[in-house]
Amino acid sequence: MDLARLVEHLSDPSFYPEPTSAVEVIQTHISYIFLTDTLAYKVKKPVDFGFLDYTTLAKRRQMCEREVTLNSRLCPDIYLGVVELREQNGVLSIGGPGETVEVAVKMARLPRGRMLRNVLARGEGNDALFERIAVTLADFHRRAPAPSAVGGMAGLERPKFNCDENFAQTEKYVGSLLPRRAFEFIRNSTDLFFRRKARLFARRVDERRIVDGHGDLHLDSICATDPVRIFDCIEFNERFRIQDAAEEVGFLAMDLEFHGYAPFARAFVNAYVAASGDAELRELLAFYKTYRAYVRAKINSFASDDIHIPSVARDTSRATASHYYELAAHYAVECNPRRLIVMCGLTGSGKSTLARRLGELYSLQVIRSDVMRKELAGIDPGERRWLPFDQGEYSPEMTDRTYTAMVERARALLEVGHSVVLDGCYTKRLQRDGAVELARRLAVPFLLLECRTSEEVIRERLERRARKNGTVSDGRWEIYSGQLKEFEPPEEIAGDKRVVLDRSKPVEQLLHELSAVLPSAWQDAPAPRVPAEMN
């Protein structure tokens with residue numbers, strides 16, 4: 001049946017078998033909901049978004065039946081069944097004679113005044129209400145049977161697949177609903193989180209924190225009755241419903257914060273942790289709030305394209321999508337805090353080895369002055385150059401160009417969500433000032449790691465390096481001696497922005513010490529183990 005004709009019939013109060021004074025029509029990107037005085041009827045649109053396929057009557061019937069079954073877990077008295085819309089001799093009816101042309105989910109209508117959004121709008125929300133919601137949700141998660149892997153995906157595979165799908169489906173909105181830089185920032189932050197927290201995702205599976213949950217927990221899916229009713233779960237794709245319990249919690253917390261109810265978000269999270277005993281979920285909240293804000297942005301982006309939705313509503317969807325994209329970017333900062341780290345020290349002091357290990361351990365972008373210098377000079381990075389100190393590509397002018405280019409490359413990486421290590425000698429204050437100013441301008445924390453060690457250790461390292469093939473660095477004793485005469489100690493950087501390291505110690509021991517000052521959000525495991533002989 002023509003969708004417009006179907007909507008026309010269902011919008012008419014005289015169409016329904018039960019008396020009703022009016023019919024309210026609500027439209028989303030995937031369905032129409034028709035509200036009579038006492039009941040609600042949901043008709044699914046014949047749409048295909050890839051993750052959802054309602055294109056045939058058989059598929060819509062299957063999804064309607066699944067919706068009733070799944071939602072009966074939390075609302076057994078609300079979901080009444082699936083009804084047939086039949087037509088005979090041009091007359092359409094609910095459950096009457098003729099050929100079935102459509103199906104609908106039939107529900108008892110929940111009291112509008114008790115919908116969570118309306119309760120909050122009247123100023124009637126309180127911590128006790130969100131404690132009840134949290135206890136209801138924790139109990140639901142505890143009773144839910146352990147789900148099997150969906151499509152063979154477990155651990156971080158499923159959320160990564162979902163996130164990758166989101167970015168693929170929303171790239172067409174880059175430049176209109178979200179800036180390119182924000183898109184790349186959120187995508188990079190998400191990828192970094194997966195790389196840094198692989199063990200955490202695996203541990204959540206082992207600890208049975210993955211649940212066959214609701215999948216769409218926001219303000220409009222909760223009715224603040226007694227008992228609390230959580231309705232309208234996702235039926236169309238198991239990937240979105242089978243999830244970490246932290247995702248379910250993060251979704252509602254995000255939606256509360258989006259609408260200006262941050263104190264209630266905190267009360268809800270605290271109550272859920274207390275009821276479930278799942279304190280570890282806090283490590284995942286920023287990530288899942290990023291993801292869920294992005295999902296809401298995507299849904300509103302789709303709605304803005306729907307020609308069946310009035311133009312005013314599409315304009316509203318566009319504005320709402322942009323706001324959710326902004327919120328996702330905000331959470332992405334919290335999810336993966338950016339930082340600019342500068343290595344400082346004379347040639348041979350062990351800066352590059354430590355910088356490389358920091359990059360490997362915490363998925364940081366390392367920019368090496370040796371590589372940048374040769375890149376600017378058009379020289380292959382592996383080519384050894386035995387030039388006197390302060391000549392050729394090591395002239396003061398070329399050194400200034402090198403450090404300026406390093407800052408510019410760091411800026412581009414920081415702006416799209418990466419943390420950066422600038423690996424250079426930084427023997428002059430002017431060189432360091434450029435990095436400090438970049439951190440100030442982008443409002444990212446700055447940390448200088450000053451590497452010191454004895455001349456004996458430096459001489460031994462430089463002699464060993466001179467005998468080694470394939471190294472990028474051209475450092476040798478003459479370079480060290482020249483730098484030593486010109487070195488300006490980084491005394492202008494003090495307090496917690498500067499850490500002095502004894503590079504005669506093994507790298508793993510220094511990494512262990514540095515774990516105390518680097519963001520916990522970067523860390524997916526206990527600090528690097530210190531061998532017994534170092535203790």
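The table that follows gives values for the structure above.
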| item | result |
| --- | --- |
| Number of positions in region 412-426 that are out of contact with any Lys or Arg (no Cβ under 8 Å at 6 or more places or on another chain) and surrounded by fewer than 21 Cβ atoms within 10 Å (Cβ to Cβ) | 2 |
| Number of the condition not met by ARG432 [criteria: (1) surrounded by 16 or more Cβ atoms within 10 Å (Cβ to Cβ); (2) in a helix (DSSP H, G or I); (3) at pLDDT below 90] | (3) |
| Residue list for region 297-311, filter: at pLDDT 95 or above and either surrounded by fewer than 21 Cβ atoms within 10 Å (Cβ to Cβ) or of a type in the set (D, E, K, R) (or both) | LYS298 |
| Test: GLY81 is under 26 Å from THR170 (Cβ atoms) and either within 37 Å of the chain's Cα centre (by Cα) or in a loop (DSSP other than H, G, I, E, B) (or both) | no |
| Counted residues, region 485-495 - those being in contact (Cβ under 8 Å) with a residue 40 or more places away in the chain and exposed (fewer than 14 other Cβ atoms within 10 Å of the Cβ) | 3 |
| Qualifying positions in region 3-35 - at pLDDT below 95, part of a strand (DSSP E or B) and of a type in the set (D, E, K, R) | none |
| Matching residues in region 302-349 - criterion: being more than 23 Å from PHE194 (Cβ to Cβ) and among the hydroxyl-bearing types (Ser, Thr, Tyr) | SER304, SER311, THR316, SER317, THR320, SER322, THR347, SER349 |
| Top-ranked residue of region 38-77 - restricted to ones that are under 18 Å from ALA108 (Cβ atoms) and in contact with a helix residue (DSSP H, G or I) (Cβ under 9 Å, 6 or more places away or on another chain), ranked as surrounded by the fewest Cβ atoms within 10 Å (Cβ to Cβ) | ARG73 |
| Within region 126-175, considering residues that are buried (at least 19 other Cβ atoms within 10 Å of the Cβ) and assigned to a loop (DSSP other than H, G, I, E, B), the one modelled with the highest pLDDT | LEU156 |
| Within region 196-216, considering residues that are of a type in the set (A, V, I, L, M) and more than 17 Å from the chain's Cα centre (by Cα), the one surrounded by the fewest Cβ atoms within 10 Å (Cβ to Cβ) | ALA202 |
| THR404 being modelled with pLDDT of 85 or more, out of contact with any strand residue (DSSP E or B) (no Cβ under 7 Å at 6 or more places or on another chain), among the hydroxyl-bearing types (Ser, Thr, Tyr) and farther than 18 Å from GLU486 by Cβ | yes |
| The listed residue being in a helix (DSSP H, G or I) and touching a strand residue (DSSP E or B) at 6+ places or on another chain (Cβ under 8 Å), out of ARG187, ARG181, ARG204, ARG199 | ARG204 |
| Residues being of a type outside the set (Asp, Glu), more than 18 Å from ILE309 (Cβ to Cβ) and without any contact (Cβ under 8 Å) to a residue 12 or more places away in the chain - total across region 6-53 | 1 |
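Residue-wise test of (1) in contact with a strand residue (DSSP E or B) (Cβ under 8 Å, 6 or more places away or on another chain); (2) not in a helix (DSSP H, G or I).
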site: THR225; (1), (2): no, yes
site: GLN243; (1), (2): yes, yes
site: MET254; (1), (2): no, no
site: GLU257; (1), (2): no, no
site: GLY260; (1), (2): no, yes
site: ALA267; (1), (2): no, no
site: SER304; (1), (2): no, no
site: HIS308; (1), (2): yes, yes
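The values are calculated or read from the model by the stated rules, or taken from the named source; none is laboratory data. Small disclaimer: the values here were computed from a predicted structure and weren't measured. Counting neighbours? That spans all protein chains shown, and the Cβs are built from the backbone with ideal geometry, glycine included.
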